[in-house]
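Here's the structure we're looking at; comments come further down.
The values are calculated or read from the model by the stated rules, or taken from the named source; none is laboratory data. Small disclaimer: the values here were computed from a predicted structure and weren't measured. No Cβ is skipped: glycine too gets one built from the backbone with ideal geometry, and neighbour counts run over all protein chains shown. These area figures cover heavy atoms from the full protein model, side chains too; ligands, DNA and RNA do not enter into them. Shrake-Rupley method; radii C 1.70, N 1.55, O 1.52, S 1.80 Å.
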Amino acid sequence: VAKEQKRGSGEVFREQFEQESRNRMNLLNSLRIALEQKELYLMLQPKVDMQSTEVCGFEALIRWQHPVHGMIPPTAFIPTVEKSGLNYDLDLYVAERLCEILKAAPQMTAPVSLNISANSLNHDSFVGDFYQIFQRHQLETSRIQIEVTENALIHSDQSIVRLRELRELGFVMVLDDFGAGFSSLSYLLRLPLQVIKIDRTFVSEISDNEHAYQLLKGIIHIVQGLHMETVIEGVETEAQLARIRPLGVDQIQGYIYYPPLKVSEAFALLMPAQTS
Ligand code: C2E
Ligand code: MG
Ligand code: MG
Ligand code: MG
């Protein structure tokens with residue numbers, strides 16, 4: 001009987017696995033089509049300068065407007081994309097869309113960041129393909145910030161070389177989600193970084209955890225000592241902001257100021273107020 005049951009659960013497991021693979025394949029197939037049909041678009045979340053409390057830049061965040069399933073957030077497809085290799089095409093797609101947005105608003109000169117998958121850095125051709133998009137649109141690379149999430153992959157020598165190449169081409173390099181997952185202080189030494197974005201899990205923890213607060217304080221101190229900029233993401237409440245203010249962080253990105261906005265709404269923030 002035990003043997004029967006075992007085989008039975010093996011069957012179930014195999015079916016589940018096959019079902020999941022099918023789901024993954026379906027997701028990837030629809031994503032490939034979505035990229036061709038341009039069903040994916042960018043929203044812009046403002047970053048706020050802590051000295052002036054003014055908008056000082058944006059992060060481009062992808063959204064998928066599916067014809068049947070409606071709006072699909074990136075957390076629902078980016079992990080699958082990164083396992084499939086489709087991240088390469090997606091990252092170039094995002095760069096292309098971002099260039100179109102910036103070309104359409106020449107009066108807007110604030111820095112804008114985009115996210116790339118660390119996996120894309122495994123490919124020889126990525127840096128060239130990526131850079132070529134900005135060249136073709138004649139956009140200054142110095143206003144483009146590239147956010148990479150810390151990940152075992154960006155620790156490979158090959159990836160570090162590619163990050164250096166991107167930096168030499170003028171892009172500003174940002175380490176995203178610092179403090180989440182397998183953070184290592186050695187990233188700060190090994191990678192060619194100019195901006196460190198501290199993960200939002202820190203923000204939620206500091207309100208009731210004094211050790212987390214002291215750790216955050218220390219991290220910010222270290223990053224400042226290395227002459228890198230600090231951004232904290234995920235600040236949602238006045239109480240969190242009050243805790244963070246004395247720490248001397250350069251920028252804040254969070255719902256307390258703005259959620260991700262439509263491109264037109266984001267740019268309207270930088271326009272002089274219209275008088276009627
Ligand atoms: P991320 O790069 O760390 O982006 C910040 C995420 O935090 C965004 O979620 C943003 O909407 C959310 N956020 C900002 N402020 C707050 C806040 O105050 N509270 C809370 N709860 N959340 C806040 P989103 O847009 O869902 O993106 C999730 C992740 O998906 C991103 O994390 C990034 O890793 C990935 N992603 C998004 N767009 C792209 C893209 O174009 N390319 C790639 N490769 N990955 C992307
Ligand atoms: Mg990011
Ligand atoms: Mg992330
Ligand atoms: Mg982040």
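General remarks:
- Residue list for segment 237-264, restricted to those being touching a residue at least 60 places away in the same chain (Cβ under 8 Å), surrounded by fewer than 16 Cβ atoms within 10 Å (Cβ to Cβ) and not in a loop (DSSP other than H, G, I, E, B): Arg245
- Members of segment 24-41 found to be open to solvent by 80 Å² or more (accessible area, probe 1.4 Å) and under 27 Å from Pro260 (Cβ atoms), listed by number: Arg24, Asn26, Arg32, Ile33, Glu36, Gln37, Lys38, Tyr41
- Residue that is farthest from ligand 3 (Cβ to nearest atom), among those in segment 129-159 that are modelled with pLDDT under 95, in a helix (DSSP H, G or I) and open to solvent by 10 Å² or more (accessible area, probe 1.4 Å): Asp157
- Exactly one residue out of Ile222, Ile196 is in a helix (DSSP H, G or I) and either at pLDDT 90 or above or closer than 19 Å to Gly248 by Cα (or both): that is Ile222.
- Looking only at segment 184-201, and only at residues there that are open to solvent by 20 Å² or more (accessible area, probe 1.4 Å) and over 21 Å from Arg162 (Cβ atoms), the one that is nearest to the chain's Cα centre (by Cα): Arg200
- The condition of being part of a helix (DSSP H, G or I) and open to solvent by 60 Å² or more (accessible area, probe 1.4 Å) holds for Glu100.
- Segment 233-253, subset within 12 Å of ligand 1 (Cβ to nearest atom) and farther than 21 Å from His221 by Cβ, residue farthest from the chain's Cα centre (by Cα): Thr237
- Residue within segment 77-88 that is part of a helix (DSSP H, G or I), touching a strand residue (DSSP E or B) at 6+ places or on another chain (Cβ under 6 Å), within 24 Å of Lys197 (Cα to Cα) and among the charged types (D, E, K, R) present: no
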